[in-house]
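Everything on this sheet refers to the single structure shown next.
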Amino acid sequence: MPTVDVLHFTGDAAADRYLARDPLALLVGMLLDQQVPMEWAFRSPWLLRDRLGADHLDAAQIVAMDPDKVAEIFATKPALHRYPASMARRVHALCEYLVEHHGGRAEAVWQGASTGKDLFDRLTDLPGFGREKAMVFVAILGRRLRVRPKGWDAYAADWPTIADADKPGAIAEIREAKAAWKASGKEASGKKNA
């Protein structure tokens, strides 16, 4: 996966480097990115990896675990999410889907996507990924990782998102831009019937 050495999503240099090299960590971070600060959501896969005693996240390893054990790991202080039990179940479900449909490989979701619509559809098939979350992830893939199947940009978020974090400290700028965007009364685009 690495087309970049770092993704400036957490403010923690080690976690940011890790996100750039572990596709499942990036996907889990995106899944967790709701009702918590972006940095918290995207730093949690780094902490989860550490708590699992592994050098990377492994979907098959997570699926093999009792979901209650995953929830316990999520709830250990500092908790990996504001809602650790429900988000642990979502991560477990995401990993089950990846094992069943993609051989446990998160990057298989986007590798080989022939068009932007194909990529978008693959993402919205994932448990916990609705339309807007999929559009943000398409934007991350296209803008940060250069995964750009034909027409990808028609399915990418066109509002301020984590995908715009291109340097240390960018998250604060994104928050300001997103607040201004929301204050203007704009809504997420319905581009290409996404």
Excluding ligands, DNA and RNA, the carbon-plus-sulfur percentage of the accessible area of the stretch 1-75 with a 1.4 Å probe reads 50 percent
Taking r as the C-beta separation of GLU72 and GLU176 and R0 as 41 Å, the FRET efficiency to the nearest 0.05 is 0.65
Checked against the positive end of the charge dipole of the chain (+1 on Cβ of Lys and Arg, -1 on Cβ of Asp and Glu, about the Cα centre), the farthest of PHE120, ALA13, HIS56 is PHE120
Computed for the chain: size of charge dipole around the Cα centre, +1 on C-beta of each Lys and Arg, -1 on C-beta of each Asp and Glu, debye to nearest 20, value 440 debye
Here Rg/Rh (Cα, Kirkwood) for the stretch 12-65 equals 0.95
Among the Cα-Cα pairs of the chain, the proportion with separation greater than 23 Å, in percent, is 40 percent
In the chain, lysine pairs 8 or more places apart or on different chains with C-alpha atoms under 24 Å apart total 22
Label model pair ALA108, ALA60: point-to-point distance (7 angstrom along the Cα→beta-carbon line) in nm is 1.0 nm
Label model pair ASP12, SER184: point-to-point distance (7 angstrom along the Cα→beta-carbon line) in nm is 3.4 nm
Heavy-atom accessible area with a 1.4 angstrom probe orders GLU96, GLU39, most exposed first, as GLU96, GLU39
Summing -39500 (n - 2.57) over every DSSP H run of at least 4 in the chain, dividing by its residue total and rounding to the nearest 500, the 222 nm mean residue ellipticity is -15500 deg cm²/dmol
Averaged per residue, the 1.4 Å probe accessible area of the chain, protein heavy atoms only, in Å², is roughly 46 Å²
Given unit charges at Cβ for Lys, Arg (+) and Asp, Glu (-), the dipole magnitude of the stretch 84-156 about its Cα centre in debye, nearest 20, is 280 debye
For the chain, whose charge dipole is built from +1 on Lys and Arg Cβ atoms and -1 on Asp and Glu Cβ atoms, the candidate among VAL136, GLY185, PRO45 with its Cα farthest towards the positive end is GLY185
The alpha-carbon center of the stretch 41-81 and that of the stretch 123-149 are separated, in whole Å, by 22 Å
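The values are calculated or read from the model by the stated rules, or taken from the named source; none is laboratory data. This one's a predicted model, so the numbers in the text were calculated from it and none came from an experiment. Every residue, glycine among them, receives a Cβ derived from its backbone with ideal geometry; neighbour counts consider all protein chains shown. Heads up: the accessible areas ignore ligands, DNA and RNA and are worked out on the full protein's heavy atoms, side chains in. Shrake-Rupley method; radii C 1.70, N 1.55, O 1.52, S 1.80 Å.
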